[in-house]
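One structure is given here, and the rest of the page talks about it.
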Amino acid sequence: MCCRGCQAVAQSIVDNGLGAYYQNRTAMPASGHEVLPDELKKLTLYDHPDIQRSFVISAGEHSKEAVLILEGITCAACIWLNERHIRQLDGVLSVEVNYASHRARVSWDERRINLSTILKEIQLLGYNAHPYNAHHADELRKKNKKKDLQRIAIAGIAAAQVMMLAVGLYAGGWYGISADMVVLLRWFSLMLTIPVVTFAAMPFYRSAWSGLKSGHLNMDVPVALAIVTAFVGSLWVTVMGGVHVYYDTIGMFTLFLLSTRMLETGAREKSVEAAENLLKLQPAMAMRIQAGQQDYVPVMQLLMGDLILVKAGEAVAADGIVVEGASSTDESLLTGESRAIPKSVDCTVIAGSMNLESPLIVKVTGVGEDTVLAGIVRLVDKAQAEKPKIAHLADKVASWFTWVILGFALLVGLIWLNVDQAQAFEIVLSVLVVTCPCALSLAVPAALAAAGSHLIKRGILVLRGHAMETLAQVTHVVFDKTGTLTVGRPQIVAIYPLADKSETQSLLIAASLEQTSEHPLARAFMQRVDNQQLLAVSNANNVAGLGISGEIDGVTYTIGNQVYASAGLASDTAQLTNVAAGATLVWLCDATQVIAVFALADTLRADALATITALKERGIGVSILSGDAPQAVAHAALQLGVTDYLAQQPPQAKFEQLQKLQQQGHIVAMVGDGVNDAPVLSGAQVSFAMGSGTDVASQSSDIVLLSSKLTDVVTALDMGKSTLAVMRQNLFWAAAYNLIALPFAAMGYVSPWVAALGMSISSLIVVLNALRLR
């Protein structure tokens, strides 16, 4: 069979005893491939490796992943249909479709299925799919917006004209009007309404049909049913004669609903555009240096290891490492702050950032989908695809409510047919229109979209769908110290040799051990030693939160906090009495003795005290859990006014402390560096990581603070509370409106045009209330 539709038809023929059709037919029908457009044949080009380089990433040995843009998505039912159909294809590993951006993230096993096959299957469903491109997506949004404005214009002009004619009909009913004039006005109204029904209201029909095909009744089913019913009933009265026509209701209902949907789409796309604007900043061309020659080439032709020249005033074309030159870059696209960040040899640069001062020669480490910005957009997509519990509840209620509406409308119709047949049609129409669950379906997505847009602009990247809901419930915040409350750039302020090795020898051994660590303290050692002088280390073992051990020239050394490194060893610590207050002590030992102690000092972030104070003012508890030395943690806690703190805590101990807080009934937020604190971050109900930009894609946290500003923790908590309040307000309003309006419509007190006005106003209130989030 060419498709599942043909298979279903063939099965139906056989099941109904019509198998003789196959014996009596005189010609074979055209095959599916013959009736498919030529465009499907072109899809095989997307299987070419050179073309896939620009949008496909490797997700495993034989696993590929791509982002596709889907055209024709109109509602959640379209998402459900595409996800279910693609997921059942042999070789497809996963698929997630983002309703806000209409982007589908698909991963597949290239040994079992080709990308072109997936694209063809999507087209067979009636949707168009092609690789995602930020500029193309923007053009598509503009095209859709233009089409939406055209529909609104048609509906608005027609509704205005029909309303004027309706005034004549209503006035004629009160003051008298000839029968011929009534017929004439009705025919004029019909002609004006036809464009509304056949063009302006088309999105509702498509969405309703997709929902019916997938067995999922969406909110557009009663909308489409109301429009079609009102039009057919009015057409019958116009042709055959009768009392009432509802052309004015059709025009107003369609106009108000289209206007509300456009506002909702604008709110929903704000968060999408905020993320896509990052990708738009990446240039299309780059100056590649090859064999001493400089040539402009498309960015997609760059390979890992290529050298590119970034002139002053130009945007960096790809992720990379500076190999020559010194300048500063503007990374406000990530952090939200327009401040110059110094860049020199061995510094990383991010695609899309602006080189401000001097030329840089950069070694390419990431292009296209492998860049930091593309990773951020992928994370935003994933977060938007995940829904909080309250959103799932709203979706379930809206779906259930649609069935209730249709059943209730049928019941009301049967009752009124026995009470007053003349009013039955009008009352059923009013019930369908007034109780459309649009406001209920928009209540949560509109609020989440508005909040997400605001946070992204502040440099706060929400990576998990549940985070916004959990933020509103946080009662306790736990901070790591090094790299979180402090700036994360500790410096060695003193070295205390305690054995037969000099300061230089001790420092070289320590730096050699620390070269495998990502901890901020490790960087302090690496900065003091030339990388080329580092000693070879074997059997290195990095114990998170404690220290490192390894063999150098056959001798086993340990470096870390006192409990880990010097366990069971005696040493003369008299020299350590003059250590600066708040300094962190790092111990270097071998199997028999303490070799040296290093004193490192770090400074608190400028906004640390303001953040702690703001949290306390909001009644939120604050704790510090650090793997650092007791005196360093105590000093930081004293400066910040925190009384609940623990030092020398490895990740497992931190996790246990989190569990104790949770057992006491606290909703805990954890703020850490996102690398060393990964196990603890995953244990908190909601977690923040201080993002440096380059490691964002590998974060295990729920929220990344791209600006590395601690005050953004307070901003996110406040936004979470505001967002949850708005969602609850929207849900309350939507439910209250339907509960109040439904009885009045069922009793005949609400005419169809008033019902259309009420339904639209309820949806408008929900969207405007969500847009208050700033």
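Can you tell me which residue among Met690, Met670 is surrounded by 21 or more Cβ atoms within 10 Å (Cβ to Cβ), touching a helix residue (DSSP H, G or I) at 6+ places or on another chain (Cβ under 8 Å), within 23 Å of His519 (Cα to Cα) and at pLDDT below 85? Don't jump to the end; show me each part of the working.
Working: Met670 fails: at pLDDT below 85.
Checking each option against the conditions leaves just Met690.
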query = Given (1) under 25 Å from Glu514 (Cβ atoms); (2) under 44 Å from the mean Cα position of the chain (by Cα); (3) at pLDDT 90 or above, where does Gly582 come up short, assuming only one miss?
reply = (3)
remark   = If we ask which residues in segment 727-742 are surrounded by fewer than 20 Cβ atoms within 10 Å (Cβ to Cβ) and under 21 Å from Leu771 (Cα atoms), their number turns out to be 6
note = Across segment 593-636, the tally of residues that are among the β-branched types (Val, Ile, Thr), within 30 Å of Lys501 (Cα to Cα) and surrounded by 19 or more Cβ atoms within 10 Å (Cβ to Cβ) stands at 4
task = Identify the residue in segment 283-332 that is open to solvent by 30 Å² or more (accessible area, probe 1.4 Å), hydrophobic (A, V, I, L, M, F, W, C) and touching a helix residue (DSSP H, G or I) at 6+ places or on another chain (Cβ under 7 Å) and, among all such residues, is modelled with the highest pLDDT.
result = Met285
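Scan segment 581-592 for residues that are open to solvent by less than 40 Å² (accessible area, probe 1.4 Å) and part of a loop (DSSP other than H, G, I, E, B) and report the count. Explain how you work it out, then say what you get.
Taking segment 581-592 and keeping what is open to solvent by less than 40 Å² (accessible area, probe 1.4 Å), we get 582-590.
If we keep only those that are part of a loop (DSSP other than H, G, I, E, B) too, we end up with 582-583, 590.
Of the residues in that region, 3 qualify.
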inquiry  = Tell me yes or no: at least one residue of segment 88-95 is closer than 30 Å to Val223 by Cα and either modelled with pLDDT of 80 or more or assigned to a helix (DSSP H, G or I) (or both).
reply    = yes
key: strands (runs of 3 or more DSSP E) lying entirely in segment 446-557 (those with 1 or more residues that are closer than 30 Å to Glu617 by Cα and modelled with pLDDT under 85)   = 460-462
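Sort out which residues of segment 49-70 are exposed (fewer than 14 other Cβ atoms within 10 Å of the Cβ) and either more than 19 Å from Ser107 (Cβ to Cβ) or in contact with a Phe, Trp or Tyr (Cβ under 9 Å, 6 or more places away or on another chain) (or both), and write them in order of number.
Taking segment 49-70 and keeping what is exposed (fewer than 14 other Cβ atoms within 10 Å of the Cβ), we get 49-50, 58, 60-62.
Of everything in segment 49-70, just one residue is exposed (fewer than 14 other Cβ atoms within 10 Å of the Cβ) and either more than 19 Å from Ser107 (Cβ to Cβ) or in contact with a Phe, Trp or Tyr (Cβ under 9 Å, 6 or more places away or on another chain) (or both), namely Asp50.
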key: Among the candidates Ala171, Ala179, residue that is open to solvent by 10 Å² or more (accessible area, probe 1.4 Å), modelled with pLDDT of 80 or more and either among the aromatic types (Phe, Trp, Tyr) or farther than 30 Å from Tyr127 by Cβ (or both)   = Ala179
note = Listed by first then second residue, the pairs whose first member lies in segment 478-504 and is on the phi < 0 side of the Ramachandran plot, whose partner is modelled with pLDDT of 90 or more and of a type in the set (S, T, N, Q), with beta carbons under 6 Å and at least 6 positions apart or on separate chains, are Val478/Ser623; Pro497/Ser506
request  = Determine whether Thr592 is modelled with pLDDT of 85 or more, out of contact with any Pro (no Cβ under 7 Å at 6 or more places or on another chain) and farther than 19 Å from Ala629 by Cβ.
outcome  = yes
query = Tally time: how many residues in segment 166-185 are within 17 Å of Met252 (Cβ to Cβ), out of contact with any Leu (no Cβ under 7 Å at 6 or more places or on another chain) and not β-branched (Val, Ile, Thr)?
reply = 2
inquiry  = What's the number of the only condition in (1) surrounded by 20 or more Cβ atoms within 10 Å (Cβ to Cβ); (2) in a helix (DSSP H, G or I); (3) charged (D, E, K, R) that Glu656 fails to meet?
reply    = (1)
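Scan segment 200-218 and tell me whether some residue there is under 19 Å from Val239 (Cα atoms), modelled with pLDDT of 85 or more, in a helix (DSSP H, G or I) and not polar (S, T, N, Q).
Quick first cut of segment 200-218, residues under 19 Å from Val239 (Cα atoms) only: none.
No: zero hits.
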key: Within segment 215-248, tally of residues that are open to solvent by less than 30 Å² (accessible area, probe 1.4 Å) and over 19 Å from Ile405 (Cα atoms)   = 8
task = Return the pairs, sorted by first residue and then second, in which the second residue is among the basic types (Lys, Arg) and open to solvent by 70 Å² or more (accessible area, probe 1.4 Å), the first residue lies in segment 345-358 and is assigned by TED's automatic domain parsing to the domain that holds Met300, the beta carbons are less than 8 Å apart, and the residues are 6+ apart or on different chains.
result = Asn355/Lys311
ask   = Residue check: is His519 touching a His at 6+ places or on another chain (Cβ under 6 Å) and surrounded by 21 or more Cβ atoms within 10 Å (Cβ to Cβ)?
value = no
remark   = If we keep only residues of segment 637-653 that are modelled with pLDDT of 85 or more, part of a loop (DSSP other than H, G, I, E, B) and touching a strand residue (DSSP E or B) at 6+ places or on another chain (Cβ under 8 Å), then the residue most open to solvent (accessible area, probe 1.4 Å) is Asp644
key: Residue satisfying condition, being closer than 30 Å to His62 by Cα and touching a strand residue (DSSP E or B) at 6+ places or on another chain (Cβ under 9 Å), within set Leu119, Leu140, Leu125   = Leu119
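Name the residue, out of Leu185, Leu140, that is among the aliphatic types (A, V, I, L, M) and either under 30 Å from Leu45 (Cβ atoms) or in contact with an Asp or Glu (Cβ under 7 Å, 6 or more places away or on another chain) (or both). Even if it seems obvious, please write down each step before you answer.
Details: Leu185 fails: either under 30 Å from Leu45 (Cβ atoms) or in contact with an Asp or Glu (Cβ under 7 Å, 6 or more places away or on another chain) (or both).
Criteria check complete, one pass: Leu140.
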query = Is there any pair linking a residue in segment 695-720 that is in the same structural domain as Ala669 (by TED's automatic domain parsing) and modelled with pLDDT of 80 or more to one that is among the charged types (D, E, K, R) and in a helix (DSSP H, G or I), with Cβ under 6 Å and at least six apart or on different chains, and which?
reply = Leu705/Asp712
key: Residue ID - most open to solvent (accessible area, probe 1.4 Å), chosen from residues in segment 743-758 that are in a helix (DSSP H, G or I) and at pLDDT 85 or above   = Phe744
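The values are calculated or read from the model by the stated rules, or taken from the named source; none is laboratory data. These numbers come from a predicted model, not from an experiment. Neighbour counts are summed over all protein chains in view; Cβ atoms, including those assigned to glycine, are modelled from backbone coordinates with ideal geometry. Please note that ligands, DNA and RNA were not included when accessible areas were found on the heavy atoms of the full protein model with its side chains. Shrake-Rupley method; radii C 1.70, N 1.55, O 1.52, S 1.80 Å.
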